[in-house]
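Take a look at the structure below.
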Amino acid sequence: MKRLLKRLVFLTLLLIIAGGAWLYWRVRASLPQLDGAVSAQGLSTPVEVLRDARGVPHLRAQSLSDVLFAQGYVTAQDRLWQMDLNRRHSEGRLSEIFGKPALQMDVQARTLGLPRLAEQALGDLDTQTRGLVAAYARGVNVFIDSHRDRLPLEFSLLHYRPEPWREVDSVAVALNLALALSQDCQDDLMRERVVAKLGKQLSVDVFPDHSILDVPVAEVSHTGVSKHETRNSISEIPAPLPFSNFAFRISDFNSGLASNNWVVSGWHTKSGRPLLENDPHLGHSVPSVWYMLHLKAPGLNVSGVSLPGLPLVVIGHNERIAWGMTNTAPDVQDLYSETFSTTDSRQYLHNGQWIDAEVRDEAIRVRGERDYHLTVKVTRHGPVISHDGNRDLALCWTALEPHAVRLPLLRINQAGNWQDFTSALRDFTVPMQNFVYADVDGNIGFYAAGLVPIRKQGDGSVPVPGDTDDYDWTGHIPFEDLPHAYNPPSGLIATANGRIVPDDYPYFITRKWEAPYRTARINQLLREGKSLAPRDMLRIAADVETLEDEWLSKQLLAAGVRRPPQDADSQYALSVLKDWDGQARADSAATLVCETVRRALLERILKPKLGGDLSGYRWPMSTTFLQNVLEQNLARWLPPDDTDFDMTLMRSLDDAVRRIRSHFPSHAAWCWGDTIPLTFHHPLSFGVPLLGRWLDVGPFPQAGTGTTVKQTTRTLGPSMRMVVDFSDLDQSVQNITLGESGQRLSPYYRDQFEAWNTGRSFPMPFSDAAVQKGAIHKLVLEPAP
């Protein structure tokens, strides 16, 4: 038995060593060629690929077609498996490789009809754009065909090979972003539940959409459009419809609704030229969401970030203009309660008549299982996404409207001035974005571009009856009337998903603006700054002063004077707040106290009216609700057992301290950053601990909160940082979260992480001289004979 045991141990060790050796060899073999020459069928002239110290490709070609061919090739070199995952997500084909765990995501994509939507959008492309998308696909396929025996590790682990890249796959990748940034339909059901419990008057309190900290940036030009006024309050919404379980759950794949961008004119900068900053906040992943690159060809010289699988640059700059984006998050999804016939399930009621719904069968291949057959019904409002014995809910979404999805990236990349830029934005439809703009002539601007519906009545904040036309959409906000500004007198424009329109703006966009603290803090720092330089932009982007918690700290300290706490730990909690500077550092005990108290305070105030389970209440301006309650002394929200709000605050402090104590017994261990550990997860790491430890990045404690300029949560944060300096474009800086490569043994797998994590960045060379000087790799793609 001892000899047998020794042999088994030896064999096990041998297998582990052999497996590790194979894994190492397999990953090394799939690393891309970065130097020399490659023969590529489909090119008309050679393309030069220069990579800098971070592996960022700078592509030089003699035609637009060739440079986008090369973009497809080099992106596939670094991110092929991510590209395949991106297209499968939108096309509802993840179950083919992951099996049943991915089925719900496929059901979502197929129910929405995203594959058909992508085909329609591809057909709507103009001839030039369609040709460039085709060139990109050819470049991807040349790489796939020449590397079938050296594919990224994920293909081997999952035992499948990538299919050829199709033009429609690139459109599908674009739809992923539209889906991730347009998810307000779930909020409609949440509001409906809350309104049903609180009534309309109290519901106005818990869903604030204004704050004294708001900094609207849009200029309002009155154009006689007040007839489209739809600023209905919650008191005007229809009575709640019978509630049903919401069977359609939006996935968390690359989701997120937060970003920062700002632009300052030369009046505020050291150089006298504009500076533009952008850091979109999206879900963390391995590899990074974005892929950096620089494209140069006749008629195109653009640098920035792209989405792997989508040609051209999404955010960046050319020789004359720069642009950044944040999510506007308009209300572009409405739920309609449809009445289906009890005798013919295909028919539903419309203005007293039974009409046929479109019914289609979707066969979803599931690895290791039988095909899953999904029956989808589509009414005049959209696909039915939830149905039970009470009601059927159909989703109306701007992206699902005929010919709604367009790809104007080429015109944006080539724009030379404000007129060119805004002309291109006319075709930017979904998802609506806050664009900030700067140009070489010193101009700055802002435009919130995208489709926003105009409704006959109501604001779409809760499900509405669908059997009549009473709540239908009648059109969209005209492009000229969308929020915008150009060269404002302040010389400052900043958006951070908060309210962008003043009270007299004549159209309804949304009631769910993000909390105003990031926007307010950015404006505060920009106004305090003098002779701003790129390093100042990075400093602001990394700022972790929390206005939200500073307010709560003052409330707690004042209440503690009037009603001193008896608990020793509560007394200690107040003591750490007295000398706190408001910085949400990773080792901050004060931040831990405030963040925990705020949750306890919200629960204490809401539970008497909403019941024990508050998980259904989610509102980005919930702290604004608390501010209104405490500062206006709204007695209707005073908990029944409390004599005043000082008692409410101190009892909430006691509750919070008990929670902290259960996790951190000693005061020395009270550190905020340990409660929000950051880990970048690879999609294959879940459920495979050893693989996860090798492929994942983290965990690390974090500084910041969900409302600091450097927004941090466990799963969300800045996905990239860019500062464009028009005094010297070579001094513009940019970095992503981890690195350019998705392959574990590449030197560019996570080489940017430390800079990202500490708020630093790297120059993004742009001029020919700077690109040549910074190049450490040179690959030439040559036309095949």
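The values are calculated or read from the model by the stated rules, or taken from the named source; none is laboratory data. No experiment lies behind these values; they were computed from the predicted model shown. Neighbour counts are summed over all protein chains in view; Cβ atoms, including those assigned to glycine, are modelled from backbone coordinates with ideal geometry. SASA here: full protein model, heavy atoms, side chains in, ligands and nucleic acids out. Shrake-Rupley method; radii C 1.70, N 1.55, O 1.52, S 1.80 Å.
Name the residues in segment 534-556 that are over 30 Å from Leu729 (Cβ atoms) and loosely packed, with under 15 Cβ neighbours inside 10 Å, would you? Spell out the reasoning first.
To start, the set of residues in segment 534-556 that are over 30 Å from Leu729 (Cβ atoms) comprises 545-556.
Result: Lys554, single match.
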**Message:** For segment 165-188, check the following and say yes or no: at least one residue is closer than 30 Å to Ser90 by Cα, modelled with pLDDT of 95 or more, open to solvent by 30 Å² or more (accessible area, probe 1.4 Å) and not hydrophobic (A, V, I, L, M, F, W, C).
**Reply:** yes
**Message:** Take the residues in segment 361-387 that are without any contact (Cβ under 8 Å) to a residue 60 or more places away in the chain and over 21 Å from Asp334 (Cα atoms); name whichever of them is surrounded by the fewest Cβ atoms within 10 Å (Cβ to Cβ).
**Reply:** Arg370
**Asked** Has segment 494-512 got any residue that is aromatic (Phe, Trp, Tyr), touching a Lys or Arg at 6+ places or on another chain (Cβ under 7 Å), part of a loop (DSSP other than H, G, I, E, B) and open to solvent by less than 40 Å² (accessible area, probe 1.4 Å)?
**Response** yes
**Fill in**
Sole miss for Arg604 among (1) touching a Pro at 6+ places or on another chain (Cβ under 8 Å); (2) open to solvent by less than 20 Å² (accessible area, probe 1.4 Å); (3) closer than 20 Å to Arg658 by Cα is condition (2)
**Complete:** Sole miss for Ser662 among (1) part of a helix (DSSP H, G or I); (2) over 23 Å from Glu514 (Cα atoms); (3) under 28 Å from the mean Cα position of the chain (by Cα) is condition (3)
**Item:** Those residues of segment 458-491 which are buried (at least 20 other Cβ atoms within 10 Å of the Cβ) and not in a loop (DSSP other than H, G, I, E, B), in sequence order
**Value:** Val464, His484, Ala485
**Message:** Just to verify a result, which residue in segment 522-531, among those that are open to solvent by 20 Å² or more (accessible area, probe 1.4 Å) and part of a helix (DSSP H, G or I), is farthest from Trp267 (Cα to Cα)?
**Reply:** Gln524
**Single condition Thr343 does not satisfy, out of (1) assigned to a strand (DSSP E or B); (2) open to solvent by 10 Å² or more (accessible area, probe 1.4 Å)** = (1)
**Message:** Show the residue pairs meeting these rules: Cβ distance below 8 Å; 6+ apart or different chains; first residue within segment 266-287 and closer than 19 Å to Glu514 by Cα and touching a residue at least 12 places away in the same chain (Cβ under 8 Å); second residue surrounded by fewer than 18 Cβ atoms within 10 Å (Cβ to Cβ) and among the hydroxyl-bearing types (Ser, Thr, Tyr).
**Reply:** Leu282/Ser255; Gly283/Ser255; Gly283/Thr715
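Restricting attention to segment 724-733, does a residue exist that is under 25 Å from Val314 (Cβ atoms), under 18 Å from the mean Cα position of the chain (by Cα) and hydrophobic (A, V, I, L, M, F, W, C)?
no
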**Asked** If Glu740 satisfies every condition in (1) under 30 Å from Ala515 (Cα atoms); (2) open to solvent by less than 10 Å² (accessible area, probe 1.4 Å); (3) touching a helix residue (DSSP H, G or I) at 6+ places or on another chain (Cβ under 6 Å) but one, which is the exception?
**Response** (1)
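Being part of a helix (DSSP H, G or I), in contact (Cβ under 8 Å) with a residue 40 or more places away in the chain, over 17 Å from Met83 (Cβ atoms) and not charged (D, E, K, R) is the filter here, so list the residues in segment 180-205 that pass it. Explain how you work it out, then say what you get.
So the first thing to find is which residues in segment 180-205 are part of a helix (DSSP H, G or I), and the list is 180, 185-198, 200-205.
From the residues that got through so far, the ones that are in contact (Cβ under 8 Å) with a residue 40 or more places away in the chain too are 180, 185-198, 202, 205.
With over 17 Å from Met83 (Cβ atoms) added as a condition, the list becomes 185-198, 202, 205.
Answer for segment 180-205, where residues must be part of a helix (DSSP H, G or I), in contact (Cβ under 8 Å) with a residue 40 or more places away in the chain, over 17 Å from Met83 (Cβ atoms) and not charged (D, E, K, R): Cys185, Gln186, Leu189, Met190, Val194, Val195, Ala196, Leu198, Leu202.
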**Prompt:** Restricting attention to segment 388-419, which residues are in contact (Cβ under 8 Å) with a residue 40 or more places away in the chain, open to solvent by 30 Å² or more (accessible area, probe 1.4 Å) and under 16 Å from Ile321 (Cα atoms)?
**Reply:** Gln414, Asn417
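Matching residues to (1) closer than 22 Å to Ser44 by Cα; (2) open to solvent by 10 Å² or more (accessible area, probe 1.4 Å); (3) modelled with pLDDT of 95 or more; (4) among the acidic types (Asp, Glu):
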residue	(1), (2), (3), (4)
Val67	yes, no, yes, no
Arg93	no, yes, yes, no
Leu153	no, yes, no, no
Leu157	no, yes, no, no
**Request:** Return only the number of the condition from (1) in a loop (DSSP other than H, G, I, E, B); (2) of a type in the set (D, E, K, R); (3) at pLDDT below 95 that Asp751 does not satisfy.
**Result:** (3)
**Request:** Could you list all residues from segment 610-635 that are of a type in the set (Asp, Glu) and farther than 17 Å from Ser211 by Cα?
**Result:** Asp613
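Which residue out of Ser727, Ser732 is of a type in the set (S, T, N, Q), out of contact with any Leu (no Cβ under 6 Å at 6 or more places or on another chain), open to solvent by 10 Å² or more (accessible area, probe 1.4 Å) and over 30 Å from Arg599 (Cβ atoms)?
On the way: Ser732 fails: open to solvent by 10 Å² or more (accessible area, probe 1.4 Å).
Only one candidate passes the filter, namely Ser727.
Has segment 661-678 got at least one residue that is over 30 Å from Ala568 (Cα atoms) and either open to solvent by less than 30 Å² (accessible area, probe 1.4 Å) or in contact with a helix residue (DSSP H, G or I) (Cβ under 7 Å, 6 or more places away or on another chain) (or both)?
Here is the first cut: in segment 661-678, the residues over 30 Å from Ala568 (Cα atoms) are 678.
Next, from what is left, pick out any that are either open to solvent by less than 30 Å² (accessible area, probe 1.4 Å) or in contact with a helix residue (DSSP H, G or I) (Cβ under 7 Å, 6 or more places away or on another chain) (or both): 678.
Checking segment 661-678: at least one residue is over 30 Å from Ala568 (Cα atoms) and either open to solvent by less than 30 Å² (accessible area, probe 1.4 Å) or in contact with a helix residue (DSSP H, G or I) (Cβ under 7 Å, 6 or more places away or on another chain) (or both).
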**Message:** Show the residue pairs meeting these rules: Cβ distance below 8 Å; 6+ apart or different chains; first residue within segment 606-619 and under 21 Å from Asp184 (Cα atoms) and in a helix (DSSP H, G or I); second residue open to solvent by 60 Å² or more (accessible area, probe 1.4 Å) and not β-branched (Val, Ile, Thr).
**Reply:** none
**Prompt:** Could you say whether any residue in segment 131-148 is hydrophobic (A, V, I, L, M, F, W, C), over 30 Å from Leu410 (Cβ atoms) and touching a residue at least 60 places away in the same chain (Cβ under 8 Å)?
**Reply:** no
**Prompt:** Which condition does Phe753 not pass, out of (1) closer than 29 Å to Leu151 by Cα; (2) surrounded by 17 or more Cβ atoms within 10 Å (Cβ to Cβ); (3) in contact with a helix residue (DSSP H, G or I) (Cβ under 6 Å, 6 or more places away or on another chain), if it passes all the others?
**Reply:** (3)
